[in-house]
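S.K.: Here it is, the structure, as structure tokens.
Bear in mind that the values in this text are calculations on the coordinates, not laboratory data. All values derive from a computational prediction rather than experimental measurement. Because the Cβ atoms are built from the backbone with ideal geometry, glycine has one as well, and the counts that use them run over all protein chains shown.
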Amino acid sequence: MKKITKITIAILMIALLTFNIGMVYATPPAKPDGEQSQGQMGTPPDGFGQGGNAPGGSSASSVTYTGATTISSDTNNSGSTYTSNTGSENALLVTGGNSTISNINVTKSGDSSGDEADFYGTNAAVLVKEGTLNINGGTVTTNGSHANGVFAYNSGIINISDATIKTSSNNSGAIMVTGGGTLTANNIIAETDGNSSAPIRSDRGGGTLTVNGGTYTSHGTGSPVIYSTADITVNDATLTSTSSEGVVVEGKNSVTLNNVTMEATNTKLNGNSETYKSIFIYQSMSGDAEVGTSSFTAKNSKIINNKGEIIFVTNTNTTIDLENNEIINNDSEGGFLRVAAAKWGTSGSNGGNVTLNATNQKIDGDIYVDNISTLVMMLSNGSSYSGTINGENTAKTVSITLDSNSTLTLTGDSYITSLNNSVSDNSNINLNGHILYVNGTAITSTNYKGAVTSNTNGNNVITDTNDTTAISEGVNTDNNSMLFKISAIVGIFLFTAIVLTVVIVVNNKKKN
């Protein structure tokens, strides 16, 4: 009896040892670890946003409007001059009517500050808060803090054509909408010198701003050519920033560029900014922009970046649509896209979530995604990407989709979560001597043409039909599968032996 019990215990130990050995050799390698980015507690924009103060300032009902000249009913004139040298006073204030003025000369000086000037336009050269104003030709010049050029607020509508706008001081944009205002600018020459003075500008409450033709230039720190807390569309224009970003989109708002030439040289960091870039998409949490999914669209345009990355996304969800653009980064160390936490939002949840749609689009440059951020990139209609994707292996998720006419070329080892390719043999992907990790499985073949299948853990693995020596972290996946099968067979045999042994022991007890 004792001898049989000892045999049983020995068989059990051998079975467990055999099963463990099988699992060790059969388990695919874990996804390599990468650096982990740490989010930082969010703070208000500290001067980056185009507004004045943080939430809690003046409300619309308490704002007082004063105009050196006021138009409240239908008016038509030409060659008029409008002037104000007093702070918190408009040179021309429109409160109603449908008016047309031509070949005007507007000058505005006098400082102001805070919400009333930035949110409600009380220190702008021209403010339309109700009614419609058509401006045909002329000049608008301001020299005072928070003295915007032409400002549409609330139900105000402005149509301005063939004019020149120049602002010299801080917080002074050229054309601006807030509170739901509407402004259309045709063939305008606009230039701003001050800090936080985007030539094409919006603030709390947003609105609709459309630009057709013209040239827009900014020189100050924190003065992108476009700062959007609204829906802004620019067609056939030239945009130049000599110190700041080209475009900033805040919150649930949008910027669309059609046949635009934009050049940004972001040489001065502003507020909480820590990186140089051409296009910045974020949520400041200051209350100036509604939280939600933003969008940036560029079609048939030329985008030139002279310092840093092309696009940076943080603390927001966004959709980026690029079609048939020429994108040039003259900074050899600058990447194409960074999606990561920064100083806005709540630490640990202030990354970015980007959906990037490329149509007939050539993209060059590395893509960085941190551990609380995601990227979905879809290449279609002859698009091509060349660069390193998530090379530090930090991303939460990265999904890549290719159609049959698009290509992917690696310039460094890359890590993605999923790959969806319309080309069954993956011949449109050039590893270029680097490693592509798909959900933790490494593929090293230089000339691989494989298919996406599933391994025993359900992870994606690209198997090479031309090179049978594709290696995943030094372990051959075919051998792993065979070891697993052998271990399973041995385990079943030993389990059967154990059952038989138990039966024998029980029968011996009954006999005794």
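S.K.: P(r) of segment 93-234 in 10 Å steps, Cα pairs, percent per bin?
M.R.: 15, 52, 32, 1
S.K.: In vacuum, with every alpha carbon of segment 75-464 counted as one equal point scatterer, what does the Debye formula give for log10 I(q)/I(0) at q = 0.12, 0.13 Å⁻¹? Two decimals, please.
M.R.: -0.85, -0.96
S.K.: Considering only the other residues whose Cβ falls under 14 Å of the Cβ of Asn330, what net charge follows from Lys and Arg at +1 and Asp and Glu at -1? Each step should come with its number before you reach the end.
M.R.: On the way: positive: Lys277, Lys302, Lys307; negative: Glu263, Glu309, Glu326, Asp331, Glu333, Asp364.
With Lys, Arg at +1 and Asp, Glu at -1, the net is -3.
S.K.: Rounded to the nearest 0.05, what FRET efficiency do Thr401 and Asn187 give with R0 = 45 Å and r taken as the Cβ-Cβ distance? Could you check? Display every interim value, and only then the final one.
M.R.: On the way: r = 40 Å, r/R0 = 0.89.
Computed FRET efficiency for Thr401 and Asn187: 0.65.
S.K.: Going by average Cβ density within 10 Å per residue, which order do the peptides 183-196, 242-255 take, highest to lowest?
M.R.: On the way: 183-196: 22.6, 242-255: 24.9.
Result, highest mean Cβ count within 10 Å first: 242-255, 183-196.
S.K.: With Cβ to Cβ distances under 9 Å as the rule, what net charge do the other residues near Ser218 carry (K, R +1; D, E -1)?
M.R.: On the way: positive: none; negative: Glu191, Asp193.
With Lys, Arg at +1 and Asp, Glu at -1, the neighbours total -2.
S.K.: How many nm is it between the label spots at Asn103 and Ser61, if each spot is 7 Å from the Cα in line with the beta carbon?
M.R.: Each label point lies 7 Å from its Cα, and together they span 4.7 nm.
S.K.: Let me know the charge dipole size of segment 75-464 about its Cα centre in debye, to the nearest 20, where only the beta-carbon of Lys, Arg (+1) and Asp, Glu (-1) is charged. Don't skip to the end; give the middle numbers.
M.R.: Details: 16 positive and 32 negative charges, 37 e Å.
Rounded to the nearest 20 debye, it is 180 debye.
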